Amino acid sequence: MSNLSAGDKRFLYDFFKISGGYILQDMYEKARKNKTFTRNLILDAAGIDIYANDNEMYGLSQAKCVDKLIADFPNLTVAKFFKELRSFFIENTCNSWNYCDNCENEKQCKRLSEILKKLESQPDIVVPVLRGQNVSEVYEDLVRNIEMGKYTLAVDRLHTYSIYFFERLCINNNITVSRDSKGQITVTLEKLITDLKASYIAHGYINTDFVKLATRRIQELMQEYGRVRNDKSAAHPNDLLEKIEAEFVVKTVCNMLEFFKKIDDRIDNKIENSIADDELPF
């Protein structure tokens with residue numbers, strides 16, 4: 001759920017030597033070989049015990065646990081984890097907590113601090129991206145508006161993005177999406193969701209009464225969302241939503257998208273479960 005950028009994630013992984021299934025690879029033997037080190041960091045940051053056999057991180061390598069933490073938890077939790085990891089790094093490599101002037105890691109440590117501050121300051125609203133989905137200008141504009149707190153502008157962009165999002169999900173599930181002669185989608189957002197849900201139920205991906213009820217409520221909320229977008233977003237010359245109301249709309253819709261993304265991820269995982277993990281499960 002965090003919105004850590006690909007560049008910042010790559011920097012963090014390089015800085016802390018997160019690779020080959022380990023954290024601090026080739027730096028400290030006691031950290032590299034002892035998964036309890038990683039377990040304690042994640043427990044302190046997220047309250048999750050990766051040793052519990054009913055936890056999704058159980059059996060994963062240290063690096064995979066960090067991947068899942070970044071993917072599933074909000075910005076503040078991810079920032080707390082890396083701050084704890086930074087404390088360990090400082091205690092074992094630096095002469096002072098303020099970084100000495102001659103430290104060869106000074107520039108990297110400053111960038112690390114900037115990344116953590118950015119994580120702590122960003123809103124915990126994450127716009128889900130599907131596996132293999134090309135990030136569009138609509139997505140970038142949407143994320144930019146959210147990060148700047150311009151939620152009334154985000155409402156309009158989120159509606160457009162939601163259509164792209166559910167179109168991709170329908171295609172992933174071999175559902176035909178009607179288009180006109182110019183290639184533009186001719187069905188509503190509600191129709192895309194209805195067809196997708198029917199496919200999930202038919203294939204047994206949704207099989208509990210609670211989830212069926214939840215998806216029905218999601219359809220109702222998306223219909224209301226369309227009305228809100230038409231009546232009160234920046235896309236139309238009407239009174240704009242109050243910021244707090246617009247923020248709620250954006251959070252709610254993003255949570256809905258995340259719900260469907262997780263169903264799609266589980267479908268992909270079932271398809272790919274025959275592919276062996278090349279990392280050590282410890």
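Only the coordinates and a few stated rules stand behind these numbers; no lab work does. This is a predicted model, so every value here is computed, not measured. Backbone-built Cβ (ideal geometry, glycine too); neighbour counts: all protein chains shown.
Residue exposure proxy: Cys254, Cys65, Cys109, ordered by other Cβ atoms within 10 angstrom of their Cβ from fewest to most, comes out as Cys109, Cys254, Cys65. Its residue count N sets the reference 2.2 N^0.38 Å, and the alpha-carbon radius of gyration of segment 137-272 equals 1.09 times that reference.
Neighbour counts of C-beta atoms inside 10 Å place Thr194, Thr36 in the sequence Thr36, Thr194, starting with the fewest. Look at Tyr151, Tyr200 and count the other Cβ atoms within 10 Å of each Cβ; fewest to most, that gives Tyr200, Tyr151.
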